[in-house]
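Q: Right, I'll just put the structure down here and ask away after.
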Amino acid sequence: MLATPGPLPTGKEWAYELKWDGIRAIVTIGSAGVRIETRSGNDITPRFPEFADLHTLAPPAALPLVLDGEIVAFGSEGYPDFHLLQSRIGLTGHSRIASAAADTPAHLILFDVIVFAGAVTTELPYHERRNRLQGLKPLGDHVSIPRAYSDGQHLLESAVQLGIEGVVAKRLDSPYRPDHRSRDWIKVKRKPRQEFAVGGWTPGGGHRKSWFGSLLLGYRRQAGDPGLRFAGAVGSGFGDSELAVIAARLDATETDESPFCEPVNVAGARFVDPTLVAEVEFQKLTPDGRLRHPVFKGLRSDKRADEVVLEDPTL
């Protein structure tokens, strides 16, 4: 189930949760083991050995379980840092994964239950699903079920002060609608932030001469649009390790044909097949649809480029 961007709703019919800066995960727990999938259906279980023993920690009477949550990595100050999680995405090989898990341990934040004791719970109201979820504690050192709050404004103010991404408001009587972007869940971010498809790049200079200077970004107003609308370029927010990884993937998908449905008047522009998805924080979109003050936050392996649409058409 997906949230819709909007202003913070108020009233006794709402509960409020922190919005976590990580990878959305659907977790299936049975007596035989655990399976973790991204929203796009990719199996990422082997990449996160921290969660391998969940089936031994969950109460047997609750199995099988299907849970909704977010995988995060915490920085030195104790807050989620998506950049840190980037080092865990795409890793292969047991030794590399084990080393990364030791250096940058992941944490699983659970916030909803889709199947409980083998029974589908999606038609139950949110508050009943949360009660079942809360009854699962404890689930291990790397798993938590944060509380929901009744004061959304105070929670949002705290999120802004702490640098956390934002708040999600959830209607207490709402069912769970898989793959549906619903106004029963409203996400409020301290800064606009969303995914964009990468359609090209510009050459770098200085210490970035061997990589790239910026990524050319695009989006669709709605699914099925034939081409990407050009949203501008992002050139800040990259770590050196990310530059090398992204540059290699750009080289592998370079093409002579622009994926954008409008001219891209950017000096030195090079184009790629739009398969990469970048998450970007920005101030706003200009009237002509360009990003103002964009900052790269990370690549998204859990979303496909052809799914990327502008989440909030009012931006």
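The values are calculated or read from the model by the stated rules, or taken from the named source; none is laboratory data. These numbers come from a predicted model, not from an experiment. Please note: Cβ atoms are built from the backbone with ideal geometry, for glycine as well, and neighbour counts cover all protein chains shown.
Q: Go through D240, D251, D256 for me and flag whichever is farther than 27 Å from G166 by Cα, surrounded by 12 or more Cβ atoms within 10 Å (Cβ to Cβ) and acidic (D, E). Lay out the reasoning, then the answer.
A: Values: D240 fails: surrounded by 12 or more Cβ atoms within 10 Å (Cβ to Cβ); D256 fails: surrounded by 12 or more Cβ atoms within 10 Å (Cβ to Cβ).
Just one listed residue meets the conditions, D251.
Q: Also, I was wondering about something else. For residues that are farther than 12 Å from A25 by Cβ and hydrophobic (A, V, I, L, M, F, W, C), tally how many sit in the range 69-88.
A: Selection size over the range 69-88: 4.
Q: Let me ask something additional. Every residue in the range 154-174 that is assigned to a loop (DSSP other than H, G, I, E, B), surrounded by fewer than 21 Cβ atoms within 10 Å (Cβ to Cβ) and under 19 Å from the mean Cα position of the chain (by Cα), please. Before you say what the answer is, go through the steps one by one.
A: Narrowing the range 154-174 to residues assigned to a loop (DSSP other than H, G, I, E, B): 163-165, 172-174.
Applying the additional criterion that residues be surrounded by fewer than 21 Cβ atoms within 10 Å (Cβ to Cβ) yields 163-164, 172-174.
Passing the criteria: G163, I164.
Q: OK, next. Picking from D112, D103, which residue would you name as being charged (D, E, K, R), surrounded by fewer than 16 Cβ atoms within 10 Å (Cβ to Cβ) and either under 22 Å from the mean Cα position of the chain (by Cα) or at pLDDT below 90 (or both)? Please lay out each step first, then the result.
A: On the way: D112 fails: surrounded by fewer than 16 Cβ atoms within 10 Å (Cβ to Cβ).
Step by step, each of D112, D103 is checked, and only D103 is charged (D, E, K, R), surrounded by fewer than 16 Cβ atoms within 10 Å (Cβ to Cβ) and either under 22 Å from the mean Cα position of the chain (by Cα) or at pLDDT below 90 (or both).
Q: Working only within the range 208-234, note down all residues that are at negative phi and at pLDDT below 85. Lay out the reasoning, then the answer.
A: Applying the first criterion (at negative phi) to the range 208-234 yields 208-223, 225-231, 233-234.
Selection gives R221, Q222, A223, D225, P226, G227.
Q: Sticking with this one: So T92 passes all but one of these: (1) at pLDDT 95 or above; (2) surrounded by fewer than 19 Cβ atoms within 10 Å (Cβ to Cβ). Which condition number does it fail?
A: (1)
Q: Within the range 268-304, which residues are in a loop (DSSP other than H, G, I, E, B) and at pLDDT 90 or above? So that I can check it myself, show each step before the final result.
A: So in the range 268-304, the residues in a loop (DSSP other than H, G, I, E, B) come out as 268-269, 273-276, 282-283, 286-290, 293-294, 300-304.
Those that are in a loop (DSSP other than H, G, I, E, B) and at pLDDT 90 or above: G268, A269, D273, P274, T275, L276, F282, R290, H293, P294.
Q: Which is charged (D, E, K, R), in the same structural domain as I23 (by TED's automatic domain parsing) and closer than 21 Å to P80 by Cα, of D151, D179, D141? Lay out the reasoning, then the answer.
A: On the way: D151 fails: closer than 21 Å to P80 by Cα; D179 fails: closer than 21 Å to P80 by Cα.
None of the others qualify; the one that does is D141.
Q: Okay, next question. Being over 22 Å from the mean Cα position of the chain (by Cα) and modelled with pLDDT under 95 is true for just one of A62, A52. Which residue is that? Before the answer, list the steps.
A: Numbers: A52 fails: over 22 Å from the mean Cα position of the chain (by Cα).
Going through A62, A52 in turn, just one is over 22 Å from the mean Cα position of the chain (by Cα) and modelled with pLDDT under 95: A62.
Q: Would you confirm whether any residue within the range 3-21 is surrounded by 15 or more Cβ atoms within 10 Å (Cβ to Cβ) and within 18 Å of V66 (Cβ to Cβ)?
A: Checked against the condition, which is being surrounded by 15 or more Cβ atoms within 10 Å (Cβ to Cβ) and within 18 Å of V66 (Cβ to Cβ), the range 3-21 yields no hits at all.
Q: Could you grab the pairs with beta carbons closer than 8 Å, sequence gap of 6+ or different chains, first residue in the range 197-221 and outside the structural domain of A233 (by TED's automatic domain parsing), second one crowded, with 18+ Cβ neighbours inside 10 Å?
A: Final answer for the pair search is none.
Q: Have a look at E37, E50, E70 and point out the one that is within 23 Å of T275 (Cβ to Cβ), in contact with a strand residue (DSSP E or B) (Cβ under 9 Å, 6 or more places away or on another chain) and surrounded by 15 or more Cβ atoms within 10 Å (Cβ to Cβ). Step through it out loud before you land on a result.
A: Details: E50 fails: within 23 Å of T275 (Cβ to Cβ); E70 fails: within 23 Å of T275 (Cβ to Cβ).
Being within 23 Å of T275 (Cβ to Cβ), in contact with a strand residue (DSSP E or B) (Cβ under 9 Å, 6 or more places away or on another chain) and surrounded by 15 or more Cβ atoms within 10 Å (Cβ to Cβ) holds for just one of E37, E50, E70, which is E37.
Q: Would you confirm, using the coordinates I've provided, whether R129 is assigned by TED's automatic domain parsing to the domain that holds I36, of a type in the set (K, R), assigned to a loop (DSSP other than H, G, I, E, B) and touching a residue at least 40 places away in the same chain (Cβ under 8 Å)?
A: Values: assigned by TED's automatic domain parsing to the domain that holds I36: yes; of a type in the set (K, R): yes; assigned to a loop (DSSP other than H, G, I, E, B): no; touching a residue at least 40 places away in the same chain (Cβ under 8 Å): yes.
No.
Q: Could you tell me which numbered condition D312 fails, if it satisfies all but one of (1) out of contact with any His (no Cβ under 8 Å at 6 or more places or on another chain); (2) in the same structural domain as L216 (by TED's automatic domain parsing)?
A: Tallying (1) out of contact with any His (no Cβ under 8 Å at 6 or more places or on another chain); (2) in the same structural domain as L216 (by TED's automatic domain parsing), D312 fails exactly one: (2).
Q: Restricting to the range 144-183, give me the number of residues that are under 30 Å from G289 (Cβ atoms) and either among the small types (G, A, S) or without any contact (Cβ under 8 Å) to a residue 60 or more places away in the chain (or both). Lay out the reasoning, then the answer.
A: Step one: list which residues in the range 144-183 are under 30 Å from G289 (Cβ atoms), which gives 156, 159-160, 163-169, 177, 179-183.
The next check asks that each one be either among the small types (G, A, S) or without any contact (Cβ under 8 Å) to a residue 60 or more places away in the chain (or both); those that pass are 159-160, 163, 166, 169, 182.
Residues flagged as under 30 Å from G289 (Cβ atoms) and either among the small types (G, A, S) or without any contact (Cβ under 8 Å) to a residue 60 or more places away in the chain (or both) within the range 144-183 amount to 6.
Q: With over 21 Å from the mean Cα position of the chain (by Cα), within 23 Å of G22 (Cα to Cα) and not hydroxyl-bearing (S, T, Y) as the only criterion, which of D288, D256, D240 stands out?
A: Details: D288 fails: within 23 Å of G22 (Cα to Cα); D256 fails: within 23 Å of G22 (Cα to Cα).
Within the list D288, D256, D240, the selection yields D240.
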